[in-house]
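*Asks:* Right, I'll just put the structure down here and ask away after.
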Amino acid sequence: MRSKRTEPQGALRAAAALAAPLLLLTGCGAGGGTAGAGDGEGTLTIWAHQGQDREVVALQNAVDAFGDLNPDITVELTLIPEADYTTTLTTSSPDELPDVIEFDGPTMASLVYNGKLSPIDDFVSEETRANATDSILAQGTLDGSLYGLGVFDSGLGVYGNAALLDEAGISYPEGIEDAWTAEEFTAALADLAVEDEDGRVLDVKQNYGFGSGSEWTTYAFSPVVWSAGGSLIEDDSADGALNTPAAVEALSLVQEWAAYTDANTDDNAFVSGDVALSLVGHWEYPNYVEALGEDLVVLPLPDFGNGVKTGQGSWAWGVSSASGNGSAAGAFIDFLMTDEQVAALTAANGAPPGTVTATEASDLYGPGGDLELFADQLAATCGRGAITADCVSVPRPVTAGYPVITRQFAEAFATIWDGGDVSGALDGAVRAIDTDFADNDSFTIP
């Protein structure tokens, strides 16, 4: 169904966030520590990434409002440029960290492994935990302990230009239930190409970067593996998870998409009408709806046999293990997770809200909203359980070894996209991942 016309709400800092370098491991794991509770007063220090201007204003407003409500707490917010943020966390020792840390979801296990994050179960309220969406809880939980809560989440879909699809006689799905199969999606590309001058009808945001160091590659295309019934890693091994025959078959089909894909070097292929389909996240919605209006349709990714799958996860808030003011830190996170603050922060970046009540109240993600599909996908999270046909959004593996997983997957995918041997590329990634896990005792946290 065609998207309703609404006013753009601002774009998430998509490419920068997903292409940001992941936290590297620093020697042997020290294991997580537990912050001191303190008396809930005094100075509260906070580090956050410096995103786009609207996000910075919204966060500063939240900090100011929290300070006004809590005169016994002095809040000191330090903003660090996004390009330097993860490196700063990596190179700082635990005792150099502030009370409250913002971190990108996939880096959480590495922070715990290196003794930098404290469990927050005793510092945030039960009400806050109960209202967090299942996908946010899945991202922030490790070994039964909660280490982080995100104000917002993320998701993937396929945006379509209904005018171009209709012109080519292409019928398209209305939701997850009637999603294209992978074969139907590939056939649609071929049919669209017949009507297109250069035959390039798909955008997969190659301008974000493919290959080693590109988190976008893993975020965008690991759903193909999950939808084929595979996984990036299972029981601390990628062998038999990433390189299954079904995964090889699925990525072989995706390899065919390259011939239909616009390199999108100017990041303008979809909004200019050069392509009919764009595989990307929720953050492009404001740009796309402004350009296409009623011709914008929001579709799920294709099904490779194990149901539609999508990524999830974004920035989250936690408490450093060296903090002596956990009670005040927890109160700040509680405040950020209130409906008013979630609404303000997601209005600034256009992301899916991280709480149940804020999602239900959202004009964009709530019932009947243009991006309700993204909320539905996140509500059907696979969590930390099996990746079955009945669930949709899948968190990236919560392991301190994630940096090697994403690096090797991205390198393998780049080889596949360029026409290389699919099975050989995946087997090479498997060997590198499994060797790294064996050399590091499976990154077990003491």
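The values are calculated or read from the model by the stated rules, or taken from the named source; none is laboratory data. The model shown is predicted, which means the values in this text are computed figures rather than measured ones. Cβ: placed from backbone, ideal geometry, glycine included. Neighbour counts: every protein chain shown. Keep in mind that these areas ignore ligands, DNA and RNA; they rest on the heavy atoms of the full protein, side chains included. Shrake-Rupley method; radii C 1.70, N 1.55, O 1.52, S 1.80 Å.
*Asks:* Could you list which residues have their amide H under 5 Å from that of Ile120, counting only those 5 or more apart in sequence or on another chain, with H placed in the peptide plane?
*Replies:* Amide H neighbours of Ile120, under 5 Å, 5+ apart: Leu146, Tyr147.
*Asks:* Hand me the GluC sites (Glu not before Pro) from the stretch 346-446 located in a DSSP loop with no more than 15 other Cβ atoms within 10 Å, in residue order please.
*Replies:* Within the stretch 346-446, no GluC sites (Glu not before Pro) qualify (loop, at most 15 other Cβ atoms within 10 Å).
*Asks:* Find out how many positive minus negative residues lie around Ser212, taking Lys and Arg as positive, Asp and Glu as negative, among other residues whose Cβ is under 15 Å from that of Ser212.
*Replies:* Details: positive: Arg407; negative: Glu215, Glu411, Asp418, Asp436.
Here the count lands on -3.
*Asks:* Sort all Cα-Cα distances of the stretch 165-251 into consecutive 10 angstrom bins from zero, then give the percent of pairs in each bin up to the one containing the longest distance.
*Replies:* So the P(r) values, bin by bin, are 15, 34, 36, 13, 2.
*Asks:* I've got another one for you. What is the dipole size for the stretch 304-446, taken about its Cα centre, with +1 at each Lys and Arg Cβ and -1 at each Asp and Glu Cβ, in debye to the nearest 20? Walk me through the numbers on the way to the answer.
*Replies:* Numbers: 5 positive and 17 negative charges, 50 e Å.
With Lys and Arg at +1 and Asp and Glu at -1, about 240 debye.
*Asks:* Net charge within 12 Å of Gly229 by Cβ-Cβ distance, Lys/Arg positive one each and Asp/Glu negative one each, not counting Gly229 itself? Write down the numbers at each step before the final one.
*Replies:* Details: positive: Lys309; negative: Glu234, Glu249, Asp303.
Taking every other residue near Gly229 into account, the sum is -2.
*Asks:* Continuing with this model, one more query. Show the residues, 5+ positions off or on another chain, whose built amide H is closer than 5 Å to the amide H of Thr310.
*Replies:* Under 5 Å from the amide H of Thr310: Ser393, Val394.
*Asks:* Another question about this same structure. First check a/c for the stretch 258-334, with a ≥ b ≥ c the square roots of the eigenvalues of its C-alpha gyration tensor; if it is under 1.5, answer rounded, and if not, answer prolate when a/b is larger than b/c or oblate otherwise. Don't jump to the answer; show the numbers that get you there.
*Replies:* Numbers: a/c = 2.91, a/b = 2.20, b/c = 1.33.
Prolate shape, in that a/c is at least 1.5 and a/b is the bigger ratio.
*Asks:* Give me the percent of the accessible area of the chain that comes from carbon and sulfur atoms, probe 1.4 Å, all protein chains in place. List each step's numbers first, then the result.
*Replies:* Values: 7570 of 16250 Å².
Exposed carbon and sulfur together represent 47 percent of the surface.
*Asks:* About its Cα centre, how strong a charge dipole does the chain have in debye, to the nearest 20, once Lys and Arg get +1 and Asp and Glu get -1 at the Cβ?
*Replies:* Details: 14 positive and 69 negative charges, 136 e Å.
Result for the chain is approximately 660 debye, rounded to the nearest 20.
*Asks:* Mean Kyte-Doolittle of at least -1.0 plus a Cα span of 20 Å or more along the axis: flag which DSSP H helices in the chain meet both, please.
*Replies:* Values: long enough: 53-69 (24 Å, 0.15); 402-417 (22 Å, 0.47); 422-439 (26 Å, 0.33).
Length and hydropathy pass: 53-69, 402-417, 422-439.
*Asks:* Rank-order 171-184, 276-289 by packing density, defined as the average count of other C-beta atoms within 10 Å over each peptide's residues, highest first.
*Replies:* On the way: 171-184: 15.8, 276-289: 23.6.
Those peptides, ordered most packed to least, come out 276-289, 171-184.
*Asks:* What full-extension length gain, to one decimal in nm, is calculated for Asp239 and Ala83 as 0.36 nm per residue of separation minus the Cα-Cα distance?
*Replies:* On the way: separation 156, 0.36 × 156 = 56.16 nm, distance 3.32 nm.
Additional length available on full extension: 52.8 nm.
*Asks:* While we're here: What accessible area per residue comes out for the chain, rounded to a whole number of Å², with a 1.4 Å probe?
*Replies:* Per residue, the chain has 36 Å² of solvent-accessible surface.
*Asks:* Arranged from highest to lowest average of other beta-carbon atoms within 10 Å per residue, in what order do the peptides 103-112, 423-432 appear? Don't skip to the end; give the middle numbers.
*Replies:* Details: 103-112: 26.1, 423-432: 18.9.
Ranking the peptides 103-112, 423-432 by packing returns 103-112, 423-432.
*Asks:* Remind me, relative contact order of the chain in percent, using alpha carbon pairs under 8 angstrom and six or more residues apart?
*Replies:* Details: 974 pairs, mean separation 131.5, N = 446.
Result for the chain is 29 percent.
*Asks:* Output the peptides 91-102, 319-330 sorted from most to least packed, where packing is the average of other Cβ atoms within 10 Å over each peptide's residues.
*Replies:* Final packing ranking: 319-330, 91-102.
*Asks:* For Cα pairs less than 8 Å apart in space and 6+ apart in sequence, what is the mean separation divided by the residue count of the stretch 318-431, i.e. the relative contact order in percent? Don't jump to the answer; show the numbers that get you there.
*Replies:* Details: 82 pairs, mean separation 11.6, N = 114.
It rounds to 10 percent for the stretch 318-431.
*Asks:* Helix-only mean residue ellipticity at 222 nm, the chain, DSSP H runs n ≥ 4 weighted -39,500 (n - 2.57), per residue, nearest 500. What is it? Let's see the in-between values first.
*Replies:* Working: 17 runs with 175 residues, N = 446.
Counting only the DSSP helices, I get -11500 deg cm²/dmol.
*Asks:* Please find the FRET efficiency linking Asp64 to Ser93, where r is the Cβ-Cβ separation and R0 is fixed at 45 Å, and quote it to the nearest 0.05. The partial results should precede the final answer.
*Replies:* Details: r = 30 Å, r/R0 = 0.67.
Here the calculated transfer efficiency is 0.90.
*Asks:* So if R0 is 41 Å, what FRET efficiency would Glu195 and Asp339 give, r being the distance between their Cβ atoms, rounded to the nearest 0.05? Don't jump to the answer; show the numbers that get you there.
*Replies:* Details: r = 46 Å, r/R0 = 1.12.
Here the calculated transfer efficiency is 0.35.
*Asks:* Can you work out the Karplus-derived ³J(HN,Hα) for every residue in the stretch 390-400? Use 6.51 cos²θ - 1.76 cosθ + 1.60 with θ = phi - 60°, whole Hz, and x for glycine or proline.
*Replies:* 8, 10, 10, 8, 10, x, 5, x, 8, 8, 5
*Asks:* Right, next: Amide H neighbours of Gly229 under 5 Å, counting only residues 5+ apart in sequence or on other chains, H built in-plane at 1.01 Å?
*Replies:* Asn306
*Asks:* Which net charge results when you count Lys and Arg as +1 and Asp and Glu as -1 among the other residues whose beta-carbon is under 15 Å from that of Pro395? Each step should come with its number before you reach the end.
*Replies:* Details: positive: Lys309, Arg384, Arg396; negative: Asp104, Asp134, Asp143, Asp153, Glu215, Glu234.
With Lys, Arg at +1 and Asp, Glu at -1, the neighbours total -3.
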